[in-house]
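Shown next, in structure tokens, is the structure this report addresses.
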Amino acid sequence: MTRTAALKITTPSEREVAVTREFDAPRGMVFDAHTKPELVRQWLLGPPGWTMPVCEIDLRVGGKYRYEWANADGRRMGVAGKFTEITRPSRIVVTQLFDEDWTGGETLVTTDLVERSGKTTLTTTVRYSSRDARDAALKTGMTTGMEAGYERLEELLKAEHSHG
Amino acid sequence: MKPSGYNLDATFAALADPTRRAILTRLASGAATVNELAAPFDMSQPAISKHLKVLERAGLITRGREAQRRPRKLEPRPLAEATDWIERHRKIWEANYKRLDAVLQELKGKQKKTVDALLADIKPKPTKRKGT
């Protein structure tokens, strides 16, 4: 009977994209699943076939994290950043930059956790670092960085398809 | 392979403005001139033209040929590609969150076991202490 909760994607402002989803667990647990490496690497994977060989988290304000994914072809993808706010169990804010920058510079990722009768609503909001960064990416049209990002996404998705 | 014929960033940026979305909604029911498009808004024609330029650059609208009127019309493809892009993102998030569901269920299971074990320790055994 496990019903999957609906995922909602919204654009709260010109600079942001937010993803919201409800989980059937108290928020302390959801918080842990986002901050304990042994838990994070079990789910934060993307398309099938990818693993997460690197998942380092120094959970304190100013502390760094680094994630790396790898697939069977030996392709790797990495992302890193710093914690700028940690309020257990309601909020985590980190900076984020992919090794192959396709977001037009560093982004700020906020994770908000709201609990209601044992269930947690998780909202992840990604914000471009500055309007300038975004506008620069817009002006150059299809910037190579963006293109690489989308291509990689295409590849990822192809990999997903070939895995059924 | 080429990811897309359009710049998704420009598409999303163009869609982020309520006036531009209203213009697209209007164009969905048929081509219209700049004047016709400006009419429902409390905005100068140059302001509307600016919005139209953004939409045009994003490939969301094109201009008709009719000399004077040059009616704008909707181009459905970039919009479809933008939606498609969101959909594919959605799939990755959904797959991740399904796995997170499983992780949380496991944690809940473990927590319950721990709590049950603690309770079993605390609770006086329902044994025959009675008579003592």
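Read-outs throughout are calculated quantities, based only on the coordinates presented, and are distinct from any laboratory measurement. The model shown is predicted, which means the values in this text are computed figures rather than measured ones. Counting neighbours? That spans all protein chains shown, and the Cβs are built from the backbone with ideal geometry, glycine included.
Tabulated results
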read-out: Computed E for A:D73/A:V126 - FRET, C-beta separation, R0 25 angstrom, nearest 0.05; value: 0.35
read-out: Charge sum, other residues only, whose C-beta stays under 9 Å from A:R91's C-beta, Lys/Arg counted +1 and Asp/Glu -1; value: -1
read-out: Inter-chain shielding of B:107-114 (mean C-beta neighbours from other protein chains, 10 Å cut-off); value: 2
